[in-house]
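The next block holds one structure in the form of structure tokens; read it before the comments.
The values are calculated or read from the model by the stated rules, or taken from the named source; none is laboratory data. The structure displayed is predicted, hence computed values, not measured ones. Virtual Cβ from ideal backbone geometry, glycine too; neighbours counted across all protein chains shown. Keep in mind that these areas ignore ligands, DNA and RNA; they rest on the heavy atoms of the full protein, side chains included. Shrake-Rupley method; radii C 1.70, N 1.55, O 1.52, S 1.80 Å.
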Amino acid sequence: MTTLLEVQHLSKSFGGLRVTDDVSFTLSSGDRVALIGPNGAGKTTLVNQLSGDLAPSDGRIVLAGEDVTTASIPQRVRGGLVRTFQVTRLFTSLTVAENVALAVMQRRGLTKRMFSSVIDKSDVRDEWQGVLSLLGIGHLAATPVTKLAYGQQRLLDLAIGLAMKPRVLVLDEPAAGVPHDESPRILEAIGRMSPEIAILMIEHDMDLVFKFAKRVLVLANGALIFEGTPAEVKENDAVRAAYLGNYADARRAS
Ligand SMILES: Nc1ncnc2c1ncn2[C@@H]1O[C@H](COP(=O)(O)OP(=O)(O)OP(=O)(O)O)[C@@H](O)[C@H]1O
């Protein structure tokens, strides 16, 4: 397996508050890794550093052997490091196909001014059609974003991420806001993605996490306190104390 992402001693402080603290891990092609931790643990702050939305205070981020710690967001995307957001950032005045076509064009360095002339260009169309049908939402291509159910919007977020041709895809709570009985659709869509892609998923829905992940990273107070298989994570006392106690109690009560 090829190592795609190396996160080395990554730290971020806001004033005196250390929000990520000496975090190190690696992702290889084909990885399906979940990052969990209580509210305020620093998960989003960590992802923002990976994507380039936030500069680390310390540490290094290496993407396919290249140090991208200070690289811009577009440089990282071009290198194959792509993230989705906890809250959707869709163009609401456009259709599903147009949103994905824009991502294709952005990746290819085409400007929005050329949008109307290239959306139907066969190679651009092949790409957005391919991504939509892979995720099972090809029938929604002509639907305006405003007419989508929230779960469908989250599937469109995934489609936009895939249109960037990621080698490493970071999913920030892909099922946030989706009714619990619809979250299997999100998982199914993720399951259809190329096995070559390394996926890091932040998620609070533990059913989803344990179905998705082969490996789980646990963050508490900014530091990685445990890394292991879902079974190991469920059994670990420190993890239960920091986070999973509530989950286990809720499951027992239901
Ligand atoms: N720009 C900022 N300035 C100061 N403090 C911040 C900033 N961004 C985040 N924090 C603080 O960092 C801590 C971690 O926040 P973060 O959003 O990364 O946690 P999280 O694990 O993603 O939480 P959640 O699960 O609720 O999304 C919180 O205490 C938050 O208030």
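Would you confirm whether or not the range 231-238 contains a residue that is under 26 Å from Leu5 (Cβ atoms), surrounded by fewer than 16 Cβ atoms within 10 Å (Cβ to Cβ) and either β-branched (Val, Ile, Thr) or modelled with pLDDT of 85 or more (or both)?
Yes, the range 231-238 has at least one match.
Can you spot a residue in the range 24-33 that is free of Cβ contacts under 8 Å to residues at least 60 places away in the same chain and either within 12 Å of the ligand (Cβ to nearest atom) or crowded, with 19+ Cβ neighbours inside 10 Å (or both)? Full working, then the answer.
Step one: of the range 24-33, the residues free of Cβ contacts under 8 Å to residues at least 60 places away in the same chain are 26.
Going one step further and asking which of them are either within 12 Å of the ligand (Cβ to nearest atom) or crowded, with 19+ Cβ neighbours inside 10 Å (or both), we end up with none.
No, the range 24-33 contains no residue that is free of Cβ contacts under 8 Å to residues at least 60 places away in the same chain and either within 12 Å of the ligand (Cβ to nearest atom) or crowded, with 19+ Cβ neighbours inside 10 Å (or both).
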Hits in the range 49-74 (condition: surrounded by fewer than 20 Cβ atoms within 10 Å (Cβ to Cβ) and either charged (D, E, K, R) or under 19 Å from Gly16 (Cα atoms) (or both)) = Asp53, Leu54, Ala55, Ser57, Asp58, Gly59, Arg60, Glu66, Asp67
Can you name the condition, by its number, that Thr143 falls short on among (1) modelled with pLDDT of 95 or more; (2) among the hydroxyl-bearing types (Ser, Thr, Tyr); (3) under 25 Å from Leu35 (Cβ atoms)?
-> (3)
Selection from the range 57-92 of residues that are under 13 Å from Leu169 (Cβ atoms) and in contact with a helix residue (DSSP H, G or I) (Cβ under 8 Å, 6 or more places away or on another chain) | Leu63, Arg76, Val77, Leu81, Val82, Arg83, Thr84, Phe85
Name every residue in the range 132-167 that is more than 16 Å from Thr84 (Cβ to Cβ), assigned to a helix (DSSP H, G or I) and of a type in the set (Ser, Thr, Tyr), in order of residue number.
-> Ser133, Thr146
Identity of the residue in the range 160-209, small (Gly, Ala, Ser) and in contact with a helix residue (DSSP H, G or I) (Cβ under 7 Å, 6 or more places away or on another chain), that ends up farthest from the ligand (Cβ to nearest atom) | Ala163
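Is one or more of the residues making up the range 87-104 closer than 28 Å to Leu17 by Cβ and under 14 Å from the mean Cα position of the chain (by Cα)?
Step one: of the range 87-104, the residues closer than 28 Å to Leu17 by Cβ are 87, 89.
This time we only want the ones that are under 14 Å from the mean Cα position of the chain (by Cα), so: 87, 89.
Yes, the range 87-104 contains a residue that is closer than 28 Å to Leu17 by Cβ and under 14 Å from the mean Cα position of the chain (by Cα).
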Between a first residue in the range 37-48 that is of a type outside the set (D, E, K, R) and open to solvent by less than 40 Å² (accessible area, probe 1.4 Å) and a second residue that is near the ligand (Cβ under 6 Å from one of its atoms) and not in a helix (DSSP H, G or I), which pairs have beta carbons less than 6 Å apart while being 6 or more apart in sequence or on different chains?
-> Gly42/Val19; Thr45/Val19
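Near the ligand (Cβ under 9 Å from one of its atoms) and outside any strand (DSSP E or B): does that describe Thr20? Step through it out loud before you land on a result.
On the way: near the ligand (Cβ under 9 Å from one of its atoms): yes; outside any strand (DSSP E or B): no.
Spelling it out, it is not the case that Thr20 is near the ligand (Cβ under 9 Å from one of its atoms) and outside any strand (DSSP E or B).
Inspect the range 97-108 for any residue being open to solvent by 30 Å² or more (accessible area, probe 1.4 Å) and small (Gly, Ala, Ser) and give the result as yes or no.
So in the range 97-108, the residues open to solvent by 30 Å² or more (accessible area, probe 1.4 Å) come out as 98, 106-108.
With small (Gly, Ala, Ser) added as a condition, the list becomes none.
No - not one qualifying residue is present in the range 97-108.
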Identify all residues within the range 42-89 that are farther than 12 Å from Val7 by Cα, among the hydrophobic types (A, V, I, L, M, F, W, C) and away from the ligand (no atom under 16 Å from the Cβ); write none if there are none.
-> Ala71, Ile73, Val77, Leu81, Val82
Within the range 52-81, the residues that are in a strand (DSSP E or B) and at positive phi are Gly59
